[in-house]
Amino acid sequence: MNFLVENKWMILVILEVLAWSSTFFLLYARYGLKSSFWFKVATVLFALTGVIPQVLMGIVNFIATKKIDLFTLIILLLILYGFTIGKKHVKKLDAWAQAKFFKQPS
């Protein structure tokens, strides 16, 4: 647990990069590959790199520090963003990806 708390910022950044990479892979699997299998794989990857570990990191940090510090607050804000404004951003990203992959050649 010490390793997680000592390296929490680096782990959070890595998880965010992986989560966004999984999001783009998810869109590619859905519209580029048109594969329900790879779409499901990408969805699982997103859950395993995005929401679940971030929530766990926030809980571990709160247990270790016994207070809501900047890290825990950032985690809470990321989760709040994901469930509010982030949904709109993902819908825009989805529409962009759909248009990109279904664009008719000139």
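The values are calculated or read from the model by the stated rules, or taken from the named source; none is laboratory data. Predicted, not measured: the structure shown is a model, and the values here were computed from it. Cβ sites come from the backbone with ideal geometry, for glycine too, and all protein chains shown count toward neighbours. When the accessible area is computed, the model is the full protein with side chains, heavy atoms only, and any ligands, DNA or RNA have been set aside. Shrake-Rupley method; radii C 1.70, N 1.55, O 1.52, S 1.80 Å.
The table below gives the values:
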quantity	calculated
Qualifying residue in the stretch 4-25 (condition: free of Cβ contacts under 8 Å to residues at least 40 places away in the same chain, under 22 Å from Ala95 (Cβ atoms) and more than 11 Å from the chain's Cα centre (by Cα))	yes
Residue tally, condition part of a helix (DSSP H, G or I), within 15 Å of Val5 (Cβ to Cβ) and open to solvent by less than 80 Å² (accessible area, probe 1.4 Å), over the stretch 64-96	6
Among (1) more than 19 Å from Val90 (Cα to Cα); (2) loosely packed, with under 15 Cβ neighbours inside 10 Å - the single one Ala47 does not satisfy	(1)
Members of the stretch 97-106 that are surrounded by 14 or more Cβ atoms within 10 Å (Cβ to Cβ) and at pLDDT below 90	Phe101
